[in-house]
Structures are given as structure tokens and as C-alpha cells.
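Colleague: Take this structure first; my questions come after.
The values are calculated or read from the model by the stated rules, or taken from the named source; none is laboratory data. Treat the numbers as computed from the prediction; the structure is a model and nothing was measured. Note that each Cβ is placed from the backbone with ideal geometry, even for glycine, and that neighbours are counted across all protein chains shown.
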Amino acid sequence: MRLAEGPDGLLRCWWGVSAPDYLAYHDLEWGRPVRDDRGMFERLTLEAFQSGLSWLTILRKRENFRAAFAGFDVHRVAQFDDDDRARLMADPGIVRNRAKIDAAIANAIATAAMEDRGESLADLVWAHAPQREGLPADADLAAETAESRALAKELKRRGFRFVGPTTVYSTMQACGVVNDHVPGCCVHDEVERERRSAGR
């Protein structure tokens, strides 16, 4: 089942109505274009923390993550030191995983280095947008694509960590680099219009 009826009678991607916490995220955020580095860094960080866990777990802890990681201010997180690592490892409001915490800091350093060179993480991610026009009606959602594999390779080359092709593709979905809302979903066409106006 690819579409499911929401509490308002509208059809949505099945997962968008699978838990009450998902509804607003599905309707208002997932798949909508993110073109700034802070927003992209946040999505990439949260998707990396989600690896091996339910996205619902991360979504419910999102405000805690924002507080713990200085609102995902790239330059502030890039300055995190051992005291910050200890603070994060002791914070019950986030996922306390040393490798993921270290990766988030390393990724902030890599993003800040890009910005210092006049480059943009968001622009790099969008440069790997596929040419396809949305998700075919009979297609299954991919876990990774040729574009996400190429982007993962490029991010790793630049010093990013915990950016495998699946994590990268989840980030691309979340940020509107692809529109993987199922055709017939009540926000599919609106998301596609936003992507077009954002100059995908």
C-alpha cells in the first residue's frame, strides 16, 4: 500500500499517516527544497543519527538535537571540543553514539571549510539532483541511487563522515533534491512546484 488516507480524508504517502508525529513532517517539510547550508547540515546530521534507528525516534528528539548542536550553526559546531563531546555523550535527549557525534563535528568542520572557500554544502548536494521528474507511479522507493553514491563519494573526499549512499539519499529526499512523495499524495504536486521554483 503506497497511499493511505489521513485523518482529514486526504491521501498521503503511507508512512505519513503511520504515526501522528509524522503527519506535519510529511506535509510541511519532507521533500520541500532546502537550499541553505545550515538546513542541509541539520538534515544530513539527523539522517546520520537515524542510521540503524527509527526516524520517529529522531523526529521526537529533534528539538533536543537542535539545542545540543547549537541550532546546527556550522561554525559553532565546528569548534566543539572534548568538553562538548563529553556533554553530548551525557545528554539523554539525543542519541548518544560516539561515532555519530564525532561525525557530526567532522561534518561541521568540512562544511565550514567549504564555506571558507566560497563553496556551499547545499549547492554540492543539489548538483547531484537526478534528471528524473519525480517518482514514477509504479516505482518502489530506492534506498540509494547512482546520484547518492556519487555524492557520498564526493562528501567523503571532502572529509565528511557517516555519509554512505543510503544516508545521503535520505538527505536528498528530505531536502527536496528528489520528490519521492508518491503520485496521488495530497502534497506531491505542491512539493514539485516548490522544487521547480527553487530552481532544482
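Colleague: Give the number of residues within the range 148-200 that are among the basic types (Lys, Arg), more than 22 Å from Ala78 (Cα to Cα) and more than 18 Å from the chain's Cα centre (by Cα).
Modeller: 2
Colleague: What pairs can you find where one residue is in the range 174-193 and on the phi > 0 side of the Ramachandran plot and of a type in the set (Lys, Arg), the other is at pLDDT 95 or above and in a loop (DSSP other than H, G, I, E, B), and their Cβ atoms are less than 6 Å apart, with a gap of 6+ or different chains?
Modeller: Nothing qualifies.
Colleague: Can you name the number of the only condition in (1) crowded, with 23+ Cβ neighbours inside 10 Å; (2) closer than 17 Å to Glu29 by Cβ; (3) modelled with pLDDT of 95 or more; (4) not small (Gly, Ala, Ser) that Asn179 fails?
Modeller: It is condition (3) that Asn179 fails.
Colleague: On to the next question. Does Gly52 satisfy being within 25 Å of Thr166 (Cβ to Cβ) and either loosely packed, with under 12 Cβ neighbours inside 10 Å or among the hydroxyl-bearing types (Ser, Thr, Tyr) (or both)?
Modeller: yes
Colleague: Can you tell me which condition Pro33 does not meet? The list is (1) touching a Gly at 6+ places or on another chain (Cβ under 8 Å); (2) in a helix (DSSP H, G or I), and all the others hold.
Modeller: The single condition Pro33 does not satisfy is (2).
Colleague: So, in the range 182-199, of the ones that are buried (at least 18 other Cβ atoms within 10 Å of the Cβ) and in a helix (DSSP H, G or I), which residue ends up modelled with the lowest pLDDT?
Modeller: That would be Arg195.
Colleague: Any chance you could count how many residues in the range 50-80 are assigned to a helix (DSSP H, G or I) and under 23 Å from Leu155 (Cα atoms)?
Modeller: Here the count works out to 13.
Colleague: Would you mind finding the one in Glu47, Glu42, Glu63 that is buried (at least 19 other Cβ atoms within 10 Å of the Cβ) and free of Cβ contacts under 8 Å to residues at least 40 places away in the same chain?
Modeller: Of Glu47, Glu42, Glu63, the one residue that is buried (at least 19 other Cβ atoms within 10 Å of the Cβ) and free of Cβ contacts under 8 Å to residues at least 40 places away in the same chain is Glu42.
Colleague: Give Asp102, Asp83 a once-over and let me know the one that is under 16 Å from Leu155 (Cβ atoms), of a type outside the set (Phe, Trp, Tyr) and modelled with pLDDT of 95 or more.
Modeller: Just one listed residue meets the conditions, Asp102.
Colleague: Quick one: count up the residues across the range 57-86 that are within 18 Å of Ile109 (Cβ to Cβ) and among the basic types (Lys, Arg).
Modeller: Residues flagged as within 18 Å of Ile109 (Cβ to Cβ) and among the basic types (Lys, Arg) within the range 57-86 amount to 2.
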